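Before any comments, here is the structure.
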Amino acid sequence: MVKSQYVTWNDIENMVQIISNKISKSSKKFSSISTISRGGLIPSRLLADSLDIETIFVDQQNISSNSLFVDDIFDSGKTFENIYRKVDDPPNFIFATLFARRDVIYPQQLVYASKTIDNSYVVFPWDKLEFENNLK
């Protein structure tokens, strides 16, 4: 059996507020949000509403450092590495996630709401059905 950590919508809303507060307290202002279609769409929409950002770019080949990048979890770092190569000004790039995998080295550009409890698979409300179907 796969060890898992289920996340509720209430958890998501609380984490979005934490990230929103962290971003608002920083001096950096964003003109848009960028994300990937698998995992980042819903947190991006919630953060866009919270930060009053109207534009969300999905699966872009070129990413502006003026665009807050949002994903659901910083896990192995592969997504970050792939995205980082697409950013026009990497040192000024911010990567925001709901969760950061515990016991992983994080890039300085990472802003997250919470660390995972352990190495369990994090099951978000939007991928619960997919996760449970894969267990069959």
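Less than 20 Å from a label point 7 Å out along the Cα-to-Cβ axis of residue 136: which backbone N atoms in the stretch 1-40 qualify, by residue? Once the point is set 7 Å along Cα→Cβ of residue 136, 1-4 turn out to lie under 20 Å by backbone N, inside the stretch 1-40. Taking the fewest neighbouring Cβ atoms within 10 Å as the starting point, the ordered list for 2, 122 is 2, 122.
Per-residue ellipticity at 222 nm computed for the chain from its helices equals -9500 deg cm²/dmol, with DSSP H segments shorter than 4 residues left out and the rest contributing -39,500 (n - 2.57).
Approximating the spin labels as points 7 Å out from Cα along Cα→Cβ, the residue 28-to-residue 45 distance works out to 2.5 nm. Subtracting the Cα-Cα distance of residue 8 and residue 106 from their residue separation scaled by 0.36 nm leaves 32.8 nm. Going by neighbour counts of Cβ atoms within 10 Å, the residues 6, 84 line up, fewest first, as 6, 84.
Normalised by 2.2 N^0.38 Å, where N is the number of residues, the alpha-carbon radius of gyration of the stretch 4-135 equals 0.99.
Shape class of the stretch 1-76 from the alpha-carbon gyration tensor: oblate, with a/c at 1.5 or above and b/c at least as large as a/b. Helices of the chain meeting both criteria, an alpha-carbon length of 20 angstrom or more along the long axis and an average Kyte-Doolittle score not below -1.0, with helices taken as full DSSP H segments, are 9-25.
We did not get these values from a lab; they are worked out from the coordinates using the rules stated. Keep in mind that this is a model prediction, so the values were computed, not measured. Heads up, the Cβs are rebuilt from the backbone with ideal geometry, glycines too, and the neighbour counts pull from every protein chain shown.
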